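Chemist: Can you keep this structure in mind? I'll have questions shortly.
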Amino acid sequence: MAGYNTYASDKLAMKGAIGAFGIKIGDRVFAADGFTTGMCKMNNVGYYEGNFVGPDRYPPIFDDVTMDTKVKVIFRKSDNKLIGGSATGNLQAIEMANVISACIQAGYTVKDLSTTQFATHPKLTGSPLGNISAG
């Protein structure tokens with residue numbers, strides 16, 4: 001950013017830190033971005049969440065499929081903006097968290113996220129028709 005601002009006429013500004021984290025313990029990856037439900041409660045932020053538990057790829061017949069991939073997304077009630085999320089599973093969980101982070105920074109709402117097109121392929125991604133529950 002500093003290099004760009006040195007030479008460009010339009011200046012970039014940091015939008016703020018959301019906190020993005022990822023770690024691998026054994027064969028499991030844990031990643032989180034932005035607000036957690038605990039932070040929402042502590043700061044009196046009204047929120048709702050969506051949760052997914054299932055295979056990281058479809059159909060789940062491949063040898064290296066993680067059957068219990070977990071993804072959570074947290075939206076602020078007042079404007080439906082994505083403010084946090086987490087993913088656990090195999091190495092793809094960190095990529096899921098990176099997408100969540102980018103969507104938070106872009107100011108995505110629940111509608112934006114539900115209408116965004118993502119590339120899918122059986123050997124690469126989870127089913128686009130995953131089992132998602134709202135809470």
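The values are calculated or read from the model by the stated rules, or taken from the named source; none is laboratory data. Predicted model, so just to flag it, every value in this text is computed and none were measured. Every residue, glycine as well, gets a Cβ built from its backbone with ideal geometry; the counts of neighbours run over all protein chains shown.
Chemist: Output yes when any residue across the range 48-56 is among the hydroxyl-bearing types (Ser, Thr, Tyr), in contact with a strand residue (DSSP E or B) (Cβ under 9 Å, 6 or more places away or on another chain) and closer than 21 Å to residue 23 by Cβ, and no when none is.
Modeler: No: zero hits.
Chemist: Quick one: in the range 69-93, which of the residues that are crowded, with 19+ Cβ neighbours inside 10 Å and out of contact with any helix residue (DSSP H, G or I) (no Cβ under 9 Å at 6 or more places or on another chain) is farthest from residue 117 (Cα to Cα)?
Modeler: Within the range 69-93, the match that is farthest from residue 117 (Cα to Cα) is 88.
Chemist: Let me ask something else. Counting only residues that are touching a Gly at 6+ places or on another chain (Cβ under 9 Å) and either hydrophobic (A, V, I, L, M, F, W, C) or part of a loop (DSSP other than H, G, I, E, B) (or both), how many does the range 100-112 have?
Modeler: Going through the range 100-112 one residue at a time, the tally reaches 4.
Chemist: A follow-up question, please. What's the total number of residues in the range 38-66 that are without any contact (Cβ under 8 Å) to a residue 40 or more places away in the chain, surrounded by 15 or more Cβ atoms within 10 Å (Cβ to Cβ) and farther than 22 Å from residue 118 by Cβ?
Modeler: Qualifying residue count, the range 38-66: 2.
Chemist: Another question about this same structure. Can you find even one residue in the range 44-53 that is more than 20 Å from the chain's Cα centre (by Cα) and more than 21 Å from residue 91 (Cα to Cα)?
Modeler: Looking for residues that are more than 20 Å from the chain's Cα centre (by Cα) and more than 21 Å from residue 91 (Cα to Cα), one finds at least one in the range 44-53, hence yes.
Chemist: Here is a further query. Would you pick out the residues in the range 95-119 that are of a type in the set (S, T, N, Q) and either closer than 22 Å to residue 21 by Cα or modelled with pLDDT of 90 or more (or both)?
Modeler: Once the filter is applied, which keeps residues that are of a type in the set (S, T, N, Q) and either closer than 22 Å to residue 21 by Cα or modelled with pLDDT of 90 or more (or both), the range 95-119 yields 98, 101, 105, 109.
Chemist: When the range 44-62 is examined, which residues are found to be at pLDDT 95 or above and part of a loop (DSSP other than H, G, I, E, B)?
Modeler: 44, 45, 46, listed by residue number.
Chemist: Looking at this structure, is residue 86 polar (S, T, N, Q), part of a strand (DSSP E or B) and modelled with pLDDT of 95 or more?
Modeler: Considered against the rule, which asks whether it is polar (S, T, N, Q), part of a strand (DSSP E or B) and modelled with pLDDT of 95 or more, residue 86 comes out as yes.
Chemist: Which members of the range 66-83 meet the condition of being not polar (S, T, N, Q) and not in a loop (DSSP other than H, G, I, E, B)?
Modeler: Of everything in the range 66-83, those that are not polar (S, T, N, Q) and not in a loop (DSSP other than H, G, I, E, B) turn out to be 70, 71, 72, 73, 74, 75, 76, 81, 82, 83.
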